[in-house]
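The values are calculated or read from the model by the stated rules, or taken from the named source; none is laboratory data. Since this is a predicted model, take the numbers as computed values, not measurements. Quick reminder, even Gly has a Cβ in these numbers, built from the backbone with ideal geometry, and neighbours come from all protein chains shown. What goes into the accessible areas is simple: the full protein's heavy atoms, side chains included, and nothing from ligands, DNA or RNA. Shrake-Rupley method; radii C 1.70, N 1.55, O 1.52, S 1.80 Å.
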Amino acid sequence: MTLASLDVVEFARALVRRPSVTPIDAGALGVMQAALEPLGFHCRRLPFAEVDNLYARRGSAGPNLCFAGHTDVVPPGEEAAWTHPPFGAEVADGLLYGRGAADMKGGIAAWTAAVAAVLARGEVSGSLSLLITGDEEGPADNGTKRVVEQLRAEGERIDACVVGEPSSVLLLGDTVKVGRRGSLNAWITARGVQGHVAYPERAANPVPVLIELLAALQARRLDEGHPPFPRSNLEVTSVDVGNPAGNVIPAEATARLNIRFNPAHTGDTLAAWLKEACARTGRDGVSLEVRSVCSGNAFMTEPGPFTEQVSAAVQEVLGRTPAPSTGGGTSDARFLRAMAPVVEIGLVGATIHQTDERVAVADLRALQRVYERVIERFFAAAQ
């Protein structure tokens, strides 16, 4: 593939055609490597467990501008419900259809095409790199997190990072992500004593105790927000007893919850709060225990030269100033921020994870131009 032949739409279609449902690669990273090596990138496969990852770098001098993304996708669901095959990569009425078209193979294609276009006009005064994982939509244990750990151990330096997640809300470039809330998952188990409902004095029912605890947790206002972050929120996502009998007091009840939190908290402080709440709520005969896992603390890239370069690129190409946002779920930016300032800028995300996921062809081409200007502005500022 030559510099002149890398068409963003055809490259996006080539990626979408690979049914890379997490953690299966299905050849998607091979498509990436075949495009990057002719551009002068040294490509390294970094497999961890069942996940394949790719780190590609062109150049050895600083500064190093990195693009991060993922080729894994969520399952398409009922394929018969799609008006175009989920891995057919069909273009109709100016739209590219397919699982991953927006999240986020389209963004990867736009960056790769942008790199080819910039290099066709001349060299950059530093290095370009891409970190592409196959484990963003899954547990994310063996993807970007592990690659970042290895790169840091090797002394690799990344000076700034663009994550190509579909950050735009209504129009391309209307929003950029400059931070993300933290996420804590917790599992609470209430253990009592099984017994007959007619003899409650011989049992200890864990269900009311668990309900009382969940009500108290939901009633607490965690904070008033932490600008520019919204208020932290706790959501109970599951309550299970697994009791098939109507005349038996169960021995155990469980619940699951998630807390999305701003920098007013950390995963550790929230985990300690949950443990304390469990200890306070326990009763004679009923004990409560909690297990929690924090998938990432809240973070924000402070306004500065890099955020200004991205904003200026959007303004120049699209004529709009993107609104900085810290909303939404988590992304691999939470791992990359350990190495460099991170900004997420990508396609419109209105159809991600849905039937008939799609992206406008015009947006793909426009995003390529935005990325070109991001690259050019970054290296111009470095000279």
Margin query: Looking at residue 191 and the list (1) closer than 28 Å to residue 359 by Cβ; (2) in contact with a helix residue (DSSP H, G or I) (Cβ under 8 Å, 6 or more places away or on another chain); (3) charged (D, E, K, R), which single condition is not satisfied?
Written below: (1)
Check: Could you say which residue among 370, 290 is in a strand (DSSP E or B) and either in contact (Cβ under 8 Å) with a residue 12 or more places away in the chain or surrounded by 20 or more Cβ atoms within 10 Å (Cβ to Cβ) (or both)?
Finding: 290
Check: Assuming residue 125 fulfils every condition listed in (1) touching a residue at least 24 places away in the same chain (Cβ under 8 Å); (2) in a loop (DSSP other than H, G, I, E, B); (3) open to solvent by 50 Å² or more (accessible area, probe 1.4 Å); (4) under 30 Å from residue 60 (Cα atoms) apart from one, which condition is it?
Finding: (3)
Check: Has region 84-94 got any residue that is under 30 Å from residue 380 (Cα atoms) and of a type in the set (Asp, Glu)?
Finding: no
Checklist line | Close pairs (7 angstrom Cβ cut-off, 6 or more residues apart or separate chains): part of a loop (DSSP other than H, G, I, E, B) in region 158-183, of a type in the set (Phe, Trp, Tyr) anywhere | finding: 164/67; 164/111; 181/229; 181/261
Check: Since residue 314 meets every condition but one in (1) open to solvent by 20 Å² or more (accessible area, probe 1.4 Å); (2) over 30 Å from residue 202 (Cβ atoms); (3) out of contact with any strand residue (DSSP E or B) (no Cβ under 7 Å at 6 or more places or on another chain); (4) part of a helix (DSSP H, G or I), which condition does it not meet?
Finding: (1)
Note to self: I need every pair where a residue in region 132-155 that is open to solvent by 60 Å² or more (accessible area, probe 1.4 Å) has its Cβ under 9 Å from the Cβ of a residue that is aliphatic (A, V, I, L, M) and part of a loop (DSSP other than H, G, I, E, B), sequence separation at least 6 or different chains.
What the structure shows: 141/49; 146/46; 146/49; 149/338; 152/338; 152/339
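So that you can scan it fast, the table gives a plain yes or no per residue for (1) over 21 Å from the mean Cα position of the chain (by Cα); (2) in contact (Cβ under 8 Å) with a residue 24 or more places away in the chain:
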residue	(1), (2)
7	yes, yes
21	no, yes
37	yes, no
54	no, yes
57	yes, yes
Note to self: Quick check on my filter: what residues within region 232-278 are assigned to a strand (DSSP E or B), open to solvent by less than 20 Å² (accessible area, probe 1.4 Å) and under 20 Å from residue 183 (Cβ atoms)?
What the structure shows: 234, 255, 257, 259, 261
Check: How many of the residues making up region 88-115 are in contact (Cβ under 8 Å) with a residue 40 or more places away in the chain, at negative phi and either surrounded by fewer than 21 Cβ atoms within 10 Å (Cβ to Cβ) or in contact with a strand residue (DSSP E or B) (Cβ under 8 Å, 6 or more places away or on another chain) (or both)?
Finding: 17
